[in-house]
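The values are calculated or read from the model by the stated rules, or taken from the named source; none is laboratory data. Nothing here was measured: the structure is a model prediction, and the numbers come from that model. Cβ sites come from the backbone with ideal geometry, for glycine too, and all protein chains shown count toward neighbours. We work out accessible area using only protein heavy atoms, side chains counted, and drop any ligands, DNA or RNA first. Shrake-Rupley method; radii C 1.70, N 1.55, O 1.52, S 1.80 Å.
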Amino acid sequence: MDVWVEHELQGCHFPDQRLKSRMGKFLGKLSGKIGDSLPTACQDWAATKAAYRFLDNVRVSEQEILSGHFHATRERFISTDGPILVLHDTTEFSYTRSDTQAIGQIRKVAGGQRDKTGRQRLHTVCGILMHSSLVVTPEGLPLGLAAIKLWTRKKFKGLNALMGRGLDGGKHSINTARIPIEEKESLRWLENVRQATRNLGDAKRCVHIGDRESDIYELFSECESQGTKFVFRTCVNRRS
């Protein structure tokens, strides 16, 4: 595992070598306790405190943390032959907090209770969203991540905003086709294709895979302009 950690850190560019060293120790702890909390993985208070200080350091950002992994993914990609699949999907990390604004909002869900008018009360789930692009061989061997987009919602827009008025079956009209892609969260699909293309460096070998949420015309055009291939599951009959 120490060899793997050292290889993943080769492409990292921290402003201070001590930060890179701390990152190595941090990864070593987490790799031995995958899925556990930071205190459990670090095992003692001193190591836990050092980990929190590292993550809270203003000179440390996701760019520095991920740069080494992206570099290692590219090396593994180059060492393979033939087509490579890039799997795109979004993951939610939800947290239990009384103040949702402290982290951000993910979505609204029905709480089971109803108000005086009979409409269901909604509960706001707080957390972080991550749109990731995983590089795998056709046989299913993972090579690493080629792109990541992290974000959270300070307020709801569009259909999510309308849900706040109640699940009463009322009719609301939103023509999402008239909203520019730059103003939609769907832009993350295009951004990840661009980022993955830059990080891997060989668009012709890549086949980007997405579920029904990837049925976006602008995304099709972006893949064409990048000179890369794609297989996206459609949810709209574009021939009708």
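Here's the yes/no breakdown for (1) farther than 22 Å from Arg74 by Cβ; (2) under 23 Å from the mean Cα position of the chain (by Cα); (3) at pLDDT 90 or above; (4) not aromatic (Phe, Trp, Tyr):
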position: Met1; (1), (2), (3), (4): no, no, no, yes
position: Cys12; (1), (2), (3), (4): no, yes, no, yes
position: Lys33; (1), (2), (3), (4): yes, yes, no, yes
position: Thr40; (1), (2), (3), (4): yes, no, yes, yes
position: Gln43; (1), (2), (3), (4): yes, no, no, yes
position: Thr48; (1), (2), (3), (4): yes, no, yes, yes
position: Tyr52; (1), (2), (3), (4): yes, yes, yes, no
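Taking the criterion of being under 21 Å from the mean Cα position of the chain (by Cα) and among the polar types (S, T, N, Q), the only residue of region 14-31 that qualifies is Ser31. A count restricted to region 188-240 and to residues that are part of a helix (DSSP H, G or I) and either out of contact with any helix residue (DSSP H, G or I) (no Cβ under 6 Å at 6 or more places or on another chain) or under 25 Å from Phe77 (Cβ atoms) (or both) stands at 28.
Somewhere in region 224-236, is a residue free of Cβ contacts under 8 Å to residues at least 24 places away in the same chain and of a type in the set (A, V, I, L, M)? Yes, region 224-236 has at least one match.
Every listed requirement among (1) in a loop (DSSP other than H, G, I, E, B); (2) modelled with pLDDT under 75; (3) open to solvent by less than 60 Å² (accessible area, probe 1.4 Å) is met by Leu167 save one, (3). Taking region 1-11 as the range and being surrounded by 16 or more Cβ atoms within 10 Å (Cβ to Cβ) and of a type outside the set (Gly, Ala, Ser) as the test, the residues that pass are Val5, Glu8, Leu9. The single condition among (1) of a type in the set (Val, Ile, Thr); (2) under 30 Å from Arg119 (Cα atoms); (3) at pLDDT 95 or above that Val207 does not meet is (2).
For region 176-223, which residues satisfy the criterion of being in contact (Cβ under 8 Å) with a residue 60 or more places away in the chain, over 30 Å from Gln105 (Cα atoms) and out of contact with any Lys or Arg (no Cβ under 7 Å at 6 or more places or on another chain)? Within region 176-223, Asp202, Arg205 qualify.
Within region 12-27, being open to solvent by less than 30 Å² (accessible area, probe 1.4 Å), assigned to a helix (DSSP H, G or I) and farther than 12 Å from Leu66 by Cβ holds for Leu19, Gly24, Phe26.
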